[in-house]
Amino acid sequence: MRGALEAVLMVVDAPVPAAHLAAALEAPVADVTAVLEAMRDEYADPDAPRGFELREVDGGWRIYSSRLFADVVGRFVVDGQSARLSQAALETLAVVAYRQPVTRGQVSQIRGVNVDGVMRTLAARGLVTEVGETGGAVLFGTSTEFLERMGLSSLDDLPPLAPYLPDLADIDGEGA
């Protein structure tokens, strides 16, 4: 089972729930979860550091490059290219992350500027996604890609910044 899990996890491009892996292996979910947890712990052994790690992100499992070698991987992948987010995009992303689900108009009101273009950029990069609708306005939230890029397992891992943002109830109107 372990070899089959490793093979599947090497080819996935998004975290895969244990139930999906169990179905592919025709094995009980509890057994698959136990093997995944054992693999995660083995790969994280500080006495034998590896270049990869197994992480559970947003309810799914995936193999990632090790955080221990993030600087090397970053230099290799980027190699002088800059794909950084602008200050406006970072601010907008923070509002969405801490206040989701949120409409584009609510984000604009919190930031005090129109965020239509920035929201399109964040959506195109896969960092925010439509999560619903309220009164004809689209609700946005962060994506699994956001969690992966930030190295978070869930939104609960975000640092406590929310108290510094205004409550949506205090903001008049929804905007478009």
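Data table
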| quantity | calculated |
| --- | --- |
| Selection within segment 21-42 - in a helix (DSSP H, G or I), open to solvent by 70 Å² or more (accessible area, probe 1.4 Å) and out of contact with any helix residue (DSSP H, G or I) (no Cβ under 9 Å at 6 or more places or on another chain) | 37, 40, 41, 42 |
| Condition met for residue 88 (free of Cβ contacts under 8 Å to residues at least 40 places away in the same chain, small (Gly, Ala, Ser) and in a helix (DSSP H, G or I)) | yes |
| Selection status of residue 133, on the phi < 0 side of the Ramachandran plot and open to solvent by 60 Å² or more (accessible area, probe 1.4 Å) | yes |
| Condition check for residue 169: part of a helix (DSSP H, G or I), at pLDDT below 85 and open to solvent by 60 Å² or more (accessible area, probe 1.4 Å) | yes |
| Qualifying positions in segment 40-59 - of a type in the set (Gly, Ala, Ser) and either modelled with pLDDT of 95 or more or farther than 14 Å from residue 10 by Cα (or both) | 44, 48, 59 |
| Filter result (small (Gly, Ala, Ser) and within 22 Å of residue 158 (Cα to Cα)) within segment 10-43 | 14 |
| Members of segment 121-160 found to be among the small types (Gly, Ala, Ser) and in contact (Cβ under 8 Å) with a residue 40 or more places away in the chain, listed by number | 141, 151, 153, 154 |
| Segment 1-19 residues that are in contact (Cβ under 8 Å) with a residue 60 or more places away in the chain, paired with ones that are of a type in the set (A, V, I, L, M, F, W, C) (beta carbon under 8 Å, 6 or more apart) | 15/57; 15/61 |
| Pairs where the first residue, in segment 102-120, is in contact (Cβ under 8 Å) with a residue 60 or more places away in the chain and the second is of a type in the set (Lys, Arg), C-beta under 8 Å, 6+ apart | 106/99; 110/99 |
| Long-range neighbours under 7 Å by Cβ, at least six apart or interchain, first residue among the hydroxyl-bearing types (Ser, Thr, Tyr) within segment 56-71, second open to solvent by 30 Å² or more (accessible area, probe 1.4 Å) and part of a strand (DSSP E or B) | 64/52; 64/53; 64/55; 65/52; 66/52; 66/53 |
| Of all residues making up segment 53-75, the number that are within 18 Å of the chain's Cα centre (by Cα), surrounded by 14 or more Cβ atoms within 10 Å (Cβ to Cβ) and not β-branched (Val, Ile, Thr) | 11 |
| Meets criteria (more than 17 Å from residue 158 (Cβ to Cβ), modelled with pLDDT under 90 and surrounded by 15 or more Cβ atoms within 10 Å (Cβ to Cβ)) for residue 111 | no |
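To keep it simple, each residue is scored yes or no on (1) touching a Pro at 6+ places or on another chain (Cβ under 6 Å); (2) open to solvent by less than 30 Å² (accessible area, probe 1.4 Å); (3) part of a loop (DSSP other than H, G, I, E, B); (4) under 30 Å from residue 6 (Cβ atoms).
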{"position": "50", "(1), (2), (3), (4)": "no, no, yes, yes"}
{"position": "92", "(1), (2), (3), (4)": "no, yes, no, no"}
{"position": "95", "(1), (2), (3), (4)": "no, yes, no, no"}
{"position": "126", "(1), (2), (3), (4)": "no, yes, yes, yes"}
{"position": "129", "(1), (2), (3), (4)": "no, no, no, yes"}
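The values are calculated or read from the model by the stated rules, or taken from the named source; none is laboratory data. Computed from a prediction, not measured in an experiment: that's the story for all the values here. For neighbour counting, all protein chains shown are included, and Cβ atoms are generated from backbone atoms with ideal geometry for every residue, glycine included. To get the accessible areas, we keep the full protein, side chains included, count just its heavy atoms, and leave off ligands, DNA and RNA. Shrake-Rupley method; radii C 1.70, N 1.55, O 1.52, S 1.80 Å.
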